[in-house]
1. Exactly one condition in (1) closer than 26 Å to Thr141 by Cα; (2) within 12 Å of the ligand (Cβ to nearest atom) is false for Glu234; which is it?
2. Considering only region 3-44, state which residues are away from the ligand (no atom under 12 Å from the Cβ), farther than 18 Å from Asp104 by Cβ and either assigned to a loop (DSSP other than H, G, I, E, B) or among the acidic types (Asp, Glu) (or both).
3. Identify all residues within region 171-184 that are among the charged types (D, E, K, R) and away from the ligand (no atom under 14 Å from the Cβ); write none if there are none.
4. Restricting to region 242-265, what's the tally of residues that are without any contact (Cβ under 8 Å) to a residue 40 or more places away in the chain and either among the aromatic types (Phe, Trp, Tyr) or farther than 22 Å from Pro198 by Cβ (or both)?
5. Out of all the residues in region 1-34, which are of a type in the set (S, T, N, Q) and in contact with a Pro (Cβ under 6 Å, 6 or more places away or on another chain)?
6. Counting just the residues of region 187-204 that are surrounded by 15 or more Cβ atoms within 10 Å (Cβ to Cβ) and outside any helix (DSSP H, G or I), which one comes out farthest from the ligand (Cβ to nearest atom)?
7. Determine, yes or no, whether Ser138 is within 11 Å of the ligand (Cβ to nearest atom) and within 20 Å of Val112 (Cβ to Cβ).
8. State all residues of region 141-170 that are of a type in the set (Asp, Glu) and either within 16 Å of the ligand (Cβ to nearest atom) or modelled with pLDDT under 95 (or both); if no residue qualifies, say none.
Amino acid sequence: MELPELIMNTGATIPQIGFGLWRNKERDECVDAVTFALEAGYTHFDDAQVYGNEQYLGEAVTDHGADRAELFITTKIGTDNMDADTLASSFAESLKKLRTDYVDLLLLHFPVTETRAEAWLELEKLYDSGAAKAIGVSNYTITHLEELLRTCKVKPAVNQVELSVVLQQPELVEFCSDNDIIVEAYTPLAEGHFFDDPTLKAIAAKHSKTVPQIMLRWCIDYGVVCLTKSANKERIEQNIDIFDFELDDADMAKLQALDQNHRTNWDPTDVE
Ligand SMILES: NC(=O)c1ccc[n+]([C@@H]2O[C@H](COP(=O)([O-])OP(=O)(O)OC[C@H]3O[C@@H](n4cnc5c(N)ncnc54)[C@H](OP(=O)(O)O)[C@@H]3O)[C@@H](O)[C@H]2O)c1
């Protein structure tokens, strides 16, 4: 299956759908989930130091025999590892756990006020070394991005934020687009809070798809990278089965109207 891709400001491509590993800490469940995902056709995996499962992703990929060159692997530097003394050694540890000598994308997980500037300098060194093929940030607001863009040598390739059909963040998406930064959407299903929404149900019925599939496909048509997580084989398969239909203009207009700034995770707006 050919998955849609976007082109990052490094010139490399990023698959537009990725398999997330948050809240998948238990070994067997995590290894099984990654294996199901590989079998279902996912090539993009979104991990983080703080998820505590980089070693299980490394194990599952190795055991599956997947070609590393065909995969897109992201990890994120945790809040506690963002100081200049710790970041590089913590990343070396991540690579060991992931059983690889590079990641396709390395992100700062949060815009930690005290350490984000020094952390970015460390990320730039890892980018220069080739151990991180692209570098970026997560949970950055426009203000955080403006600060970074004023000083950085290497521009962030990606900003990973909570985004869904009920949290469309148009200003942030436009700012990122203007600055050649790809937006990645996490929690695109809004934790299931809108699975009974009549508009979503009607559009799902029209295309013989499920509401989660409509929510994920909307992310693709909105032009962002969509990160989805499940530990269930059927749902893992369902979530990537979103490329055999199209949302038309009328669907997209109705979906745009669902935007209501509904956040299920924390809001980084007040982080100075
Ligand atoms: N950078 C950050 O700060 C940050 C924060 C949050 C998430 N993320 C990343 O984004 C990824 C996705 O976010 P998320 O895990 O919050 O997202 P999500 O995909 O919106 O929600 C996952 C939840 O929905 C359920 N689910 C998945 N597919 C479903 C389907 N087809 N039908 C019904 N329920 C379904 C899953 O349960 P089951 O497992 O039981 O299917 C799980 O509880 C994460 O795994 C992580 O990689 C990053």
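The values are calculated or read from the model by the stated rules, or taken from the named source; none is laboratory data. This one's a predicted model, so the numbers in the text were calculated from it and none came from an experiment. Cβ coordinates were reconstructed from backbone atoms using ideal geometry, including for glycine residues, and neighbour counts include every protein chain displayed.
1. (1)
2. Passing the criteria: Asp28, Glu39.
3. The first filter runs over region 171-184 and keeps only residues among the charged types (D, E, K, R), leaving 171, 174, 178, 180, 184.
Hits for region 171-184 are Glu171, Glu174, Asp178, Asp180.
4. 2
5. Gln16
6. Let us first name the residues in region 187-204 that are surrounded by 15 or more Cβ atoms within 10 Å (Cβ to Cβ), namely 187-190, 194-195, 197, 199-201, 203-204.
Subset that is outside any helix (DSSP H, G or I): 187-189, 194-195, 197.
Working: Thr187: 4, Pro188: 5, Leu189: 3, Phe194: 11, Phe195: 7, Asp197: 14 Å.
Result: Asp197.
7. yes
8. Glu162
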